[in-house]
Structure formats: structure tokens, C-alpha cells
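The values are calculated or read from the model by the stated rules, or taken from the named source; none is laboratory data. Please read all numbers here as calculations on a predicted model, not as lab measurements. Cβ coordinates were reconstructed from backbone atoms using ideal geometry, including for glycine residues, and neighbour counts include every protein chain displayed.
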Ligand code: UN1
């Protein structure tokens with residue numbers, strides 16, 4: 001690990017890191033202990049007491065420097081993402097670009113942590129709200145986006161005055177250590193105003209995430225992962241009145257309407273469903289196609305599925321890389337078998353012989369389903385797109401929303417009424433609703449997250465920063481009287 005310049009006490013140990021590219025070991029690390037995790041919280045808390053006093057724009061300067069360092073390290077980090085998460089070269093670089101973008105966003109934000117001035121009912125008074133740093137932020141991330149979600153949280157947390165402790169997926173610790181090493185370059189340039197412990201990385205299993213979740217000094221937990229994980233984390237944080245941002249599973253759908261530009265829809269569907277080997281929380285998993293265009297679109301999709309390149313992301317520019325591990329492959333096979341039992345017709349979904357047996361490369365699967373049932377109703381983290389025919393627009397909206405997840409959604413139409421209805425109160429119930437764009441690949445400027453079993457959290461752009469601060473309402477009396485609100489009289 002010396003190559004990463006990390007000095008967090010990590011040595012070779014019994015935590016093996018596998019690359020999905022070959023399914024073989026690329027490193028072994030010594031995990032942190034629970035006691036070390038607890039000590040990190042103490043260190044972060046001490047850092048918070050200093051960092052909260054540094055002016056916002058100055059905190060932004062650290063994030064600006066980080067953005068600069070990320071630009072320099074983009075190629076290396078992108079490749080690291082490909083090694084550890086198996087992403088195509090372009091998608092590996094795209095993930096690092098998301099980090100750079102949120103840094104830029106956060107730098108601007110560091111001068112805009114606005115509160116309101118509010119009309120008061122009392123003469124000679126002023127009422128306002130101010131936003132203050134919140135405290136230590138615990139960030140828990142998943143393997144499929146091994147660095148961008150951490151950066152969405154960290155760039156905002158830092159300008160908001162909060163230190164961060166990061167527990168990355170045990171499948172992708174190397175990318176985390178590399179991000180931290182690049183952050184340390186920015187810290188070195190920033191100088192002494194940055195306290196020690198502003199950003200720390202916790203390497204190991206779920207018991208370490210648990211320390212963050214249960215620690216009363218961790219003011220906010222921002223966790224990305226499965227709905228199952230969220231069901232454990234959410235109530236535990238709530239029980240101690242901590243704050244939570246949950247970004248959990250999705251079961252994202254698209255609707256292709258009769259007036260859609262089919263060529264555009266085809267390309268958007270292909271990226272949304274097959275990109276990142278179906279391992280994005282925003283991956284397109286269900287597709288409703290109007291009966292009048294089904295026989296045009298679906299054969300074209302089958303062709304795209306049959307011809308998509310699947311290959312080693314380190315040695316080729318194939319569009320689809322490996323699944324993360326055997327477990328992911330097994331769950332894909334299980335879902336396809338269930339779909340067949342329900343009358344589904346499966347195209348693709350076969351294992352490809354790329355590299356050794358320990359690597360799991362698959363041709364993405366397109367499954368024509370007679371109805372939305374069984375595996376269609378849940379998220380399988382693999383490249384499976386279930387396609388269904390629809391005839392009635394109102395009924396398809398109901399079907400669209402009739403799943404647990406509420407993350408992302410898309411409609412392909414040039415009909416104004418369909419488009420606006422999809423975006424309206426009776427339309428898509430997701431946190432992200434797109435028109436003529438796929439479900440994945442959101443920009444950082446918008447708030448990112450979703451409803452229902454997706455957990456309700458929002459990260460990244462818009463006003464997501466507010467979750468990283470505490471709000472105080474202040475009323476100031478500059479008169480010589482003491483009028484009470486609501487006209488209450490209490491004369492002594
Ligand atoms: C994730 O899969 O956890 O919108 C995040 C997207 C990316 C982020 C995905 N910007 O697909």
C-alpha cells in the first residue's frame with residue numbers, strides 16, 4: 001500500500017481483495033479493528049471542533065485543491081475503478097469525472113450556504129435562519145460506484161464544516177485508499193488550517209460500518225447499498241436520533257410510447273440496461289413498450305443485445321465488463337430461471353469465456369415477459385432487462401409505480417400530454433424522472449436519490465447540502481419593548 005502513500009497503519013493482512021476482471025487476488029490488507037474505528041470517531045470529532053470555525057469559502061479552497069488533484073490523477077483512478085469494480089475504461093473515467101464535477105459544485109456552494117431572512121410579526125425584531133456545521137459524517141459506500149458517492153458526500157460535508165469517515169465496500173478498498181491518498185495531496189497543499197482526521201478511511205467488514213451507525217458522535221450516516229442494508233441501518237440511526245441519508249436499491253423502468261424516437265430510445269435503453277454490466281442502482285431493469293411499436297423496437301433491441309461487446313476492461317474497450325463475483329452471477333441465473341418459469345422468453349444471459357474461470361462475464365439478458373411478476377418486481381444486480389407490452393397509458397403508469405424501489409424512471413415520447421403526465425403528481429413516483437433519456441447517468445447538479453424502498457435520501461446537487469448542516473432559527477429584538485408572539489400578555 002506504500003504506493004498509495006497511505007499511512008493509516010494498513011499492512012498486508014488476511015483481507016483479500018479480488019479483481020472481478022480475473023476473479024483473482026490483487027492485494028491483501030489488514031482490516032481495522034473495532035477499537036481503531038472508535039478511535040477514528042474521536043479523532044474526527046476533534047477535527048470537527050476546529051474545522052467548523054474555518055470560514056466556508058476557505059473550506060471550499062481545500063475542495064478546490066482536491067478537484068485539481070483529481071484532475072491530475074484521473075487516468076490512474078479511473079483504471080483503479082476498472083481493476084476493482086470491472087468498469088469499462090470510459091465508465092471508470094466517468095466515475096472520476098463525477099468526483100471532479102461535485103468538487104466544482106461544492107467550491108461554489110462554499111460561498112452560498114444561504115439561510116433566509118423571515119418576516120416577523122413583532123416590531124423592532126428581525127428573524128432569520130442560519131446554517132451551521134453538523135458534525136462527523138459517516139459515509140458507507142457500495143462496490144459498484146467505489147468512489148463517486150463518497151465524493152458527493154465528502155465534497156459537500158467538507159464545505160459544510162464536517163469531517164468524514166468512509167467505510168467503503170470490502171470489495172473495493174483499494175480505490176478508497178487511492179482517493180484518500182489523492183486527498184492527502186490536496187491537504188498538503190492546503191496547509192495547517194486543516195486539522196488531522198478531516199477524512200479517514202475504515203477498511204474492513206460490516207462490523208466497522210456498525211461502529212459508525214451506532215456511535216452517537218456520528219451526526220449523519222450517508223449509506224449507499226441494498227434495501228436490506230438500509231432496513232438495518234435506518235432504524236439504528238433513528239433510535240439514537242442521528243440523521244440518515246439512505247440511497248438504496250431501485251427497480252427502474254422505462255416506458256416507450258407510440259410517438260417515441262425509436263432510434264434514440266434504443267441507444268438510451270442499451271446504455272441504461274447493459275452499461276456497467278447492469279450494476280448501477282440506476283440501471284434500467286423494466287421496459288414497457290406500447291403494443292403498436294413492440295415489433296419494431298424489440299427486434300432491434302435483440303440485435304443490440306446479441307452484438308454488444310463483453311470483455312476485459314483492462315485490455316479492451318468492450319462496453320460490458322464482468323459481474324462483481326460468483327454470487328452476482330448465481331443471482332442472475334436464479335432470476336432468469338424464475339422468469340422462464342413464469343413464461344418469460346430469455347435472450348442472452350449466457351456466460352462468456354473471457355479470462356479465467358474465476359471471472360464472471362455474461363452476455364446481458366433481454367427477457368420478454370407476459371406480465372410484471374416474480375423477479376420483475378425486485379432488483380437483481382445484474383444485466384437483465386424485462387420487457388413487457390402495454391396498451392393503455394394510465395394502466396402502464398400504475399404498473400410502472402407498482403414496485404418497491406423508487407429511484408429512477410424514464411419515458412420515451414414526443415407527445416406533450418404523455419410527457420407531462422409522467423412528470424406530474426400522478427406520474428412516476430421516483431426521485432428521478434426523465435424524458436427521452438435513460439434512467440442512469442445522472443449529472444451531479446441535481447439531487448440524487450429516490451423514494452419508497454430507495455430510502456428517501458438525497459445526495460449531490462440542488463439543496464442536498466442542507467443534510468450536512470444544522471439549522472438555527474434566530475429572533476433578534478432591537479426594540480425597547482418585549483412584545484410576545486401571538487399577542488400573549490404576561491405583565492409582571
Ligand atoms: C449508483 O449506482 O450507486 O446516475 C450511483 C448514475 C450515476 C450514479 C449511480 N451518476 O447512474
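Residue pairs whose Cβ atoms lie under 8 Å apart, separated by 6 or more positions or on different chains, with the first residue in the range 443-460 and without any contact (Cβ under 8 Å) to a residue 24 or more places away in the chain and more than 17 Å from residue 401 (Cβ to Cβ) and the second outside any loop (DSSP other than H, G, I, E, B) and near the ligand (Cβ under 10 Å from one of its atoms), are 446/432; 446/460; 447/459; 447/460. If you go through the range 220-236 and keep only what is crowded, with 21+ Cβ neighbours inside 10 Å and touching a helix residue (DSSP H, G or I) at 6+ places or on another chain (Cβ under 7 Å), you end up with 220, 221, 222, 223, 224, 233. Restricting 362, 396, 376 to those that are more than 24 Å from residue 442 (Cβ to Cβ), modelled with pLDDT of 95 or more and in contact with a strand residue (DSSP E or B) (Cβ under 6 Å, 6 or more places away or on another chain) reduces the list to 362.
Among the residues of the range 306-346, those identified as surrounded by 20 or more Cβ atoms within 10 Å (Cβ to Cβ) and free of Cβ contacts under 8 Å to residues at least 60 places away in the same chain are 310, 328, 332, 335, 336, 339, 344. Report whether or not residue 117 is touching a residue at least 40 places away in the same chain (Cβ under 8 Å) and over 21 Å from the mean Cα position of the chain (by Cα). No: the conditions fail for residue 117. Within the range 84-96, not a single residue is surrounded by 22 or more Cβ atoms within 10 Å (Cβ to Cβ), at pLDDT 95 or above, over 30 Å from residue 315 (Cα atoms) and within 16 Å of the ligand (Cβ to nearest atom).
Being at pLDDT 95 or above, touching a strand residue (DSSP E or B) at 6+ places or on another chain (Cβ under 7 Å), in a loop (DSSP other than H, G, I, E, B) and within 16 Å of the ligand (Cβ to nearest atom) holds for only one residue in 250, 272, 254, and it is 250.
Flag not set for residue 287, criterion: more than 16 Å from the ligand (Cβ to nearest atom), in contact with a strand residue (DSSP E or B) (Cβ under 9 Å, 6 or more places away or on another chain), within 23 Å of residue 391 (Cβ to Cβ) and in a helix (DSSP H, G or I). For the range 402-444, a residue qualifies if it is away from the ligand (no atom under 11 Å from the Cβ) and either modelled with pLDDT under 95 or within 20 Å of residue 94 (Cβ to Cβ) (or both), and exactly one does: 410. Residues that are out of contact with any strand residue (DSSP E or B) (no Cβ under 6 Å at 6 or more places or on another chain) and surrounded by 14 or more Cβ atoms within 10 Å (Cβ to Cβ) were ranked within the range 462-482; the one that is nearest to residue 127 (Cα to Cα) is 466. The set of residues in the range 261-305 that are without any contact (Cβ under 8 Å) to a residue 60 or more places away in the chain and closer than 21 Å to residue 323 by Cβ comprises 270, 304.
In the range 414-435, the count of residues that are in contact (Cβ under 8 Å) with a residue 12 or more places away in the chain, in contact with a strand residue (DSSP E or B) (Cβ under 8 Å, 6 or more places away or on another chain) and more than 15 Å from residue 253 (Cβ to Cβ) is one or more. Looking across the range 445-457 at every residue that is away from the ligand (no atom under 13 Å from the Cβ) and on the phi < 0 side of the Ramachandran plot, the one that is surrounded by the most Cβ atoms within 10 Å (Cβ to Cβ) is identified as 453. The set of residues from the range 113-148 being farther than 30 Å from residue 222 by Cα and either touching a strand residue (DSSP E or B) at 6+ places or on another chain (Cβ under 6 Å) or within 16 Å of the ligand (Cβ to nearest atom) (or both) comprises 118, 120, 125, 126, 127. Scan the range 72-88 residue by residue and report those that are touching a residue at least 40 places away in the same chain (Cβ under 8 Å), in contact with a helix residue (DSSP H, G or I) (Cβ under 6 Å, 6 or more places away or on another chain) and farther than 12 Å from residue 146 by Cα. Selection gives 73 alone.
Here residue 298 passes the criteria (1) surrounded by fewer than 17 Cβ atoms within 10 Å (Cβ to Cβ); (2) out of contact with any helix residue (DSSP H, G or I) (no Cβ under 9 Å at 6 or more places or on another chain); (3) within 24 Å of residue 411 (Cβ to Cβ) except the one numbered (1).
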